[in-house]
Amino acid sequence: MQQHGGHNCLLIGSPGSGKTMIAKRIPTILPDLTFNEALEITKIHSIAESLAKDKPIITNRPFRAPHHTISETSLVGGGANPKPGEISLAHYGVLFLDELPEFNKKTLEVLRGPLEDKSITISRVNASLTYPCNFMLVASMNPCPCGFYGSKEKECTCMPNAISRYINKISGPLLDRIDIQIEVSQVKYQNLSDVKPAETSMEIKQRVNKARKIQQERYKKYGIYSNSELTPKLINEYCKIDNKTSKILHEAFEKLGFSARAYNRILKVARTIADLDEKQNIELKHVAEAIQYRNLDKKYWKN
């Protein structure tokens, strides 16, 4: 997963496929905090009165995983004495929503604005407060109520209308704001027993830091840190593609029916893949990989 660019991610798979385990490992490969980021995070947690007494400054990226019963106020902030919500406490870190369809649909819909604006404004009679919330959304979900729709290991027992109701708890506009959609398959015992040397989190993190430094240097005059923060104007400047790549992207849009927002997100993810590849320009292979991360909405959200 291209977490070096701060991209939102959705993991879909059957129970036991490892979605939650993958999500909880993400903090181990996130880029190191800059001093300014650490100060911003610490200020938010200080206002929320959630700073540990023995740790006056936060030095690790936040990982927040609220329960699906969370209220709108607790998620986005507010109350009689307005305080930051989970989305602000996850600033410059990860907001993990496990079993996404179990959350109240109305609660999920309030995420749409903050995901786009990177800030949340709480209005009260006497004052209006704005808190930053530049977080990376990582969500997981089963493909259906029983969890085995499309599984090769176990037959799904759900009726088609039950699957549709379950899937459609996640609206198109919210799904549109998720850059990377990954299907997580169950791992067979044989694959588990075939132990092969794997990259450590530290090794992956070194690559992540390298990619993030490229982005910080590229965007330093704009005051942003990652590819996920690119505006349409900056996308035109830093995500240029050649005619052949543009043609492939156009064909994918015609075939898969992507939205204009999806177009920008594909280019931002392709920019991150190119940075990871240490390439100055986005190449065809980078865009092709980014397109693959957007195809699940057409598999599960058919209508």
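The values are calculated or read from the model by the stated rules, or taken from the named source; none is laboratory data. If you're wondering where the values come from, they're calculated on a predicted model, not measured in any experiment. Note: ideal-geometry Cβ built from the backbone for every residue, glycine included; neighbour counts use all protein chains shown.
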### Task
Would you check which residues across the stretch 101-123 are in contact with a helix residue (DSSP H, G or I) (Cβ under 7 Å, 6 or more places away or on another chain) and among the β-branched types (Val, Ile, Thr) and list them?
Thr107, Val110, Ile120
### Query
Which one is farthest from Glu37 (Cα to Cα), of the residues in the stretch 224-270 that are polar (S, T, N, Q) and in contact (Cβ under 8 Å) with a residue 12 or more places away in the chain?
Thr245
## Note on the structure
Taking the stretch 108-141 and the residues there that are of a type in the set (S, T, N, Q) and at pLDDT below 95, the one that is surrounded by the most Cβ atoms within 10 Å (Cβ to Cβ) would be Asn134
### Summary
Of the listed residues (Ile29, Ile12, Ile44), the one being aliphatic (A, V, I, L, M), crowded, with 20+ Cβ neighbours inside 10 Å and farther than 30 Å from Asp277 by Cα is Ile44
### Task
With the condition kept exactly as written, say whether any residue in the stretch 124-132 is assigned to a strand (DSSP E or B) and without any contact (Cβ under 8 Å) to a residue 24 or more places away in the chain.
yes
### Message
Test of understanding: among Arg265, Arg261, which residue is on the phi < 0 side of the Ramachandran plot and surrounded by 15 or more Cβ atoms within 10 Å (Cβ to Cβ)?
### Response
Arg265
### Query
Filter the stretch 47-82 for residues that are basic (Lys, Arg) and crowded, with 16+ Cβ neighbours inside 10 Å; which is farthest from the chain's Cα centre (by Cα)?
Arg61
### Query
Between residues in the stretch 21-49 that are under 24 Å from Leu10 (Cα atoms) and assigned by TED's automatic domain parsing to the domain that holds Asn8 and residues that are of a type in the set (D, E, K, R) and assigned to a helix (DSSP H, G or I), which pairs lie under 6 Å by C-beta distance while being six or more apart or on different chains?
Ile29/Lys205; Pro31/Arg212
## Note on the structure
For the stretch 243-258, the count of residues that are surrounded by fewer than 17 Cβ atoms within 10 Å (Cβ to Cβ) and assigned to a loop (DSSP other than H, G, I, E, B) equals 1
### Residue in the stretch 36-86 that is modelled with the lowest pLDDT, counting only those that are of a type in the set (A, V, I, L, M) and assigned to a loop (DSSP other than H, G, I, E, B)
Ala80
### Filtered residues of the stretch 66-89 (kept if aliphatic (A, V, I, L, M) and in contact with a Ser or Thr (Cβ under 9 Å, 6 or more places away or on another chain))
Ile70, Leu75, Val76, Leu89
### Query
So Leu175 fits all but one of (1) in the same structural domain as Leu33 (by TED's automatic domain parsing); (2) outside any helix (DSSP H, G or I); (3) in contact (Cβ under 8 Å) with a residue 60 or more places away in the chain; what number is the exception?
(2)
#### Entry: Residue list for the stretch 15-26, filter: in a helix (DSSP H, G or I) and surrounded by fewer than 19 Cβ atoms within 10 Å (Cβ to Cβ)
Thr20, Met21, Ile22, Lys24, Arg25
### Selection status of Leu97, closer than 24 Å to Ser228 by Cβ, out of contact with any helix residue (DSSP H, G or I) (no Cβ under 7 Å at 6 or more places or on another chain) and of a type outside the set (Gly, Ala, Ser)
yes
